[in-house]
Amino acid sequence: MSDRAAGTPNRRLFVLLALVAVPWTAVLVGGAVTLVYPFGLVDPASLHLTTLPDYLSYTRGRIPAFIQAWPIGVALYAAALLSAALGVVRREDPRLTGGLLVLTAVSQLPLVVGFSQRFGYTALPVGTVLLLAVAWWFYRPAVRRFG
C-alpha cells in the first residue's frame, strides 16, 4: 500500500476523526440553516446544539423513516472509527474500514432525499461526498492490493 495514497494508520484515523467536525447534511429552509453532524443538530444562527441522544429522547423514537438513517449512519461511522483505531495498534482490514465508510455515506442519502422532498427544504449531502472521498483516497489502493 502506497504511503502517499493510503497514508499511515495514524493519519487515516485522524482524517476519520476530522469528519466529526464537518456537517454530514446541511438543511436549508427559507433563510435558516440546520447542520446535521454525527453528534447532533446545530443551528448556526443561535449556536444551539441538540445532541443525537437528546433528539431521539425528545422525539421518543417517533421520527420519520428517512431521519432514522442518521443514527444508523452514526453507528456505521463508529464501527469505521473502531476499525481504523485497531489499525493504529494492530492490523486494520482496509476493506472493512473502507466499506463501512461507503455504507455510512450511502446511509445518509435517505436523509438528503427525505428533506429535499419537503416543500421549501434543500438538503446538501456534505458528509456523503466527504465520506466517499476519504474511502476512495485512503482505502481504494488498499482494497485493490488485498483484492
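Every number in this text was worked out from the coordinates using simple rules, so none of it is lab data. From a predicted model like this one, the values you see are computed outputs, not experimental measurements. So basically every Cβ, Gly included, is an ideal-geometry build from the backbone, and we count neighbours across all protein chains shown.
Here is a check on your reading of the model: is Trp137 closer than 23 Å to Arg11 by Cβ, assigned to a helix (DSSP H, G or I) and touching a residue at least 40 places away in the same chain (Cβ under 8 Å)? When the stated conditions are applied, Trp137 passes them. Just one of the listed residues (Leu49, Leu41) is of a type outside the set (Asp, Glu), farther than 24 Å from Val106 by Cα and either touching a residue at least 60 places away in the same chain (Cβ under 8 Å) or in a strand (DSSP E or B) (or both), and it is Leu49.
Ala26 meets each of the listed conditions (1) crowded, with 18+ Cβ neighbours inside 10 Å; (2) under 16 Å from Thr97 (Cβ atoms); (3) not acidic (Asp, Glu) apart from (2).
Of the numbered criteria (1) without any contact (Cβ under 8 Å) to a residue 12 or more places away in the chain; (2) of a type in the set (D, E, K, R); (3) part of a helix (DSSP H, G or I), the one Arg95 fails is (1). Of Val88, Val106, Val102, all but one fail to be surrounded by 16 or more Cβ atoms within 10 Å (Cβ to Cβ) and either farther than 18 Å from Phe39 by Cα or under 15 Å from the mean Cα position of the chain (by Cα) (or both); the exception is Val102. When restricted to residues that are in contact with a strand residue (DSSP E or B) (Cβ under 6 Å, 6 or more places away or on another chain) and not in a helix (DSSP H, G or I), region 109-119 contains 0.
Of all residues in region 29-38, those being surrounded by 16 or more Cβ atoms within 10 Å (Cβ to Cβ), of a type outside the set (A, V, I, L, M) and either part of a loop (DSSP other than H, G, I, E, B) or in contact with a Phe, Trp or Tyr (Cβ under 7 Å, 6 or more places away or on another chain) (or both) number 2.
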